[in-house]
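I have placed the structure first, in the form of structure tokens, so that the comments after it can refer back to it.
Any read-out appearing in this document is the output of simple, stated calculations on the displayed coordinates, not a laboratory observation. Note that this is a predicted model, so its numbers are computed, not measured. So basically every Cβ, Gly included, is an ideal-geometry build from the backbone, and we count neighbours across all protein chains shown.
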Amino acid sequence: MTTAAVSLEDIVVEFGTVRAVDGVSLEIRPGEFFTLLGPSGSGKTTCLRLIGGFQYPTRGRVLIDGQDATRLPPYARDVNTVFQDYALFPHMNVRDNVAYGLMVRGIPKGARHARADRLLEQVRLSGVGDRRPSQLSGGQRQRVALARALVNEPKVLLLDEPLGALDLKLREQMQAELKALQRRLGITFVFVTHDQHEALSMSDRIGVFSQGRIEQVGSPREVYERPATRFVAEFVGAANLIEGEAARRYADGAACALLRPERIRVGAAQDARATGRVASVHYYGAFSRIAVDCGDATLEVDSPNAAGPAVEPGQQVHLHWQPDAIHAIPA
Ligand code: ATP
């Protein structure tokens, strides 16, 4: 068995009477892109700060590469952090910003500048080394912060919503670049976001947080297609949750049954699994989300707009899905 890059062992963090982290255990594998995903206030940032050494736990242990790091200060850990606001030094040029960690360690100027320039190349920023951070765009600053955090070749890189300040297009571009960079360098990335799309598209594995606890750890496919709890089903993607009597009809013994909107198709009356009236239609370009009132449940249906004529509110529709589209969530 390989040693985990980071282990959290039964961590509790209390701020006065607030329990920010409530018994979290987690193993992050070497070289993996691991995302802490959850709503605001669920404890993700506190967990990241624990790994970085900016926060000590009330209870529990933090291991980095198998070594107990629970009470080690940040500089004594083989870990670096990219903060959301980038925290670049405004009075230093880009090259010196990137080389800062090497300067602190006493690496001579020539060597540290050469290394900084190599890093700037890695993040596709060659040629801006002499500029000040204020002369860069948001996306470029983000890359400088990344290069600066990587310059010491940490075993683990912590990223706290690093793309949060970027507009959607740039954000999507940076998601792909960040992921590619991580693959190329083979460094363990621990990434915090509340954005489910970001988490699904970038991660090897995701830990889903709710109220200071981890609800599930799994691959993007696992958490999306086989959520362990009701919370995960609803937080990661759109969900029809069918409860009680109806759920038992669809899935034996389940407390609740999940049926994703894109797994339902509008079709003929024959062999339909449900029939109802269209309550609303929202157009999203590639598909329309249709709410269908089926009596004992309202089902949301994502219907590809290329598939056929638009449905109208009030219209009766027949719904179809494959048996394996139903995922039973245990009580
Ligand atoms: P966000 O996405 O908004 O950053 P989060 O999931 O990262 O949220 P945390 O920042 O870890 O959540 O906060 C978890 C809980 O701990 C929240 O209730 C927060 O208010 C509380 N908390 C965090 N830091 C402190 C602190 N220094 N003092 C008091 N309470 C804190």
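One table, with the values for the structure above:
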{"item": "Residue-wise HN-Hα coupling along segment 144-154, computed from phi with Karplus coefficients 6.51, -1.76, 1.60 (Hz; x: Gly, Pro)", "result": "5, 4, 5, 4, 4, 6, 8, 4, 8, 6, x"}
{"item": "For D78, net neighbour charge (Lys/Arg +1, Asp/Glu -1) across residues whose Cβ lies under 12 Å away", "result": "0"}
{"item": "Radius 12 Å from Cβ of Q175, net charge of other residues (Lys, Arg +1; Asp, Glu -1)", "result": "-1"}
{"item": "Low-density loop positions, trypsin sites (Lys or Arg not before Pro), segment 49-96 - DSSP coil, at most 12 other Cβ in 10 Å", "result": "R71"}
{"item": "Share of alpha-carbon pairs per 20 Å distance bin for the chain, given as whole %", "result": "28, 47, 23, 3"}
{"item": "Cα-based convex hull volume of segment 158-256 per residue, rounded to whole Å³", "result": "115 Å³"}
{"item": "Hz values of 3J(HN,Hα) by residue in segment 37-43 - Karplus curve (6.51, -1.76, 1.60), Gly and Pro given as x", "result": "10, x, x, 4, x, 8, x"}
{"item": "Placed amide H near S280: partners under 5 Å, 5+ positions off or other chain", "result": "A291"}
{"item": "For H318, net neighbour charge (Lys/Arg +1, Asp/Glu -1) across residues whose Cβ lies under 12 Å away", "result": "+2"}
{"item": "For q = 0.14, 0.19 Å⁻¹, Debye-computed log10 I/I(0) when each Cα of segment 177-331 counts as one equal scatterer", "result": "-0.78, -1.16"}
{"item": "Cα-based helix-to-principal-axis angle, 109-122 vs the chain, degrees rounded to 10", "result": "20 degrees"}
{"item": "Acute angle (nearest 10 degrees) that the helix 94-104 long axis makes with the longest principal axis of the chain, alpha-carbon atoms", "result": "70 degrees"}
{"item": "Euclidean distance between Cα centres, segment 261-312 to segment 23-98, Å", "result": "44 Å"}
